[in-house]
Amino acid sequence: IIPKTIPISFIKESFALKALNYDEEVLSKNYQGHKLLIDSTISLLKPLSKPLDVLDLGSGTGIIGDYLRNQDIFINNITGIDISPEMTGVARYLTTSDNNPTYNEIIEIDFREYLNDREKNLGRTYH
């Protein structure tokens, strides 16, 4: 029998083991998914020319937030949501070129729980 979802404990254990080397391992394989995602999103949002608040679901080590902060658009806030304390631990140390934190806020929670509590968590607007 195949479970409908992967157990949370399995996800946490898997990413705990990979956190410190995750970015190096992924990028060494010429992974470009984060760049393609951000570049295509920016092409849609840039004409709006207003500051963006970003919700990065499954933010992990912060590879998307880091790439996003280095683009030619104004980011007001980036909130990272991830279930792995080890992955968010790596993301907490990311800084921009002017030594500001990449993420304004990092929340360690299963993003499904975060999204389910919409009144509390999604009361603010994300663009």
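Considering the range 15-127, there are no qualifying helices (runs of 4 or more DSSP H) wholly inside with 3 or more residues that are touching a helix residue (DSSP H, G or I) at 6+ places or on another chain (Cβ under 8 Å), basic (Lys, Arg) and at pLDDT 75 or above. Only a single item in (1) of a type in the set (Asp, Glu); (2) more than 17 Å from residue 111 (Cβ to Cβ); (3) under 12 Å from the mean Cα position of the chain (by Cα) is not met by residue 23, and it is number (3). Residues of the range 76-93 that are among the aliphatic types (A, V, I, L, M) and more than 23 Å from residue 46 (Cβ to Cβ): 81, 83, 87, 90, 91.
The values are calculated or read from the model by the stated rules, or taken from the named source; none is laboratory data. Please read all numbers here as calculations on a predicted model, not as lab measurements. With ideal geometry, Cβ positions are generated from the backbone for all residues, glycine too; neighbour counts draw on all protein chains shown.
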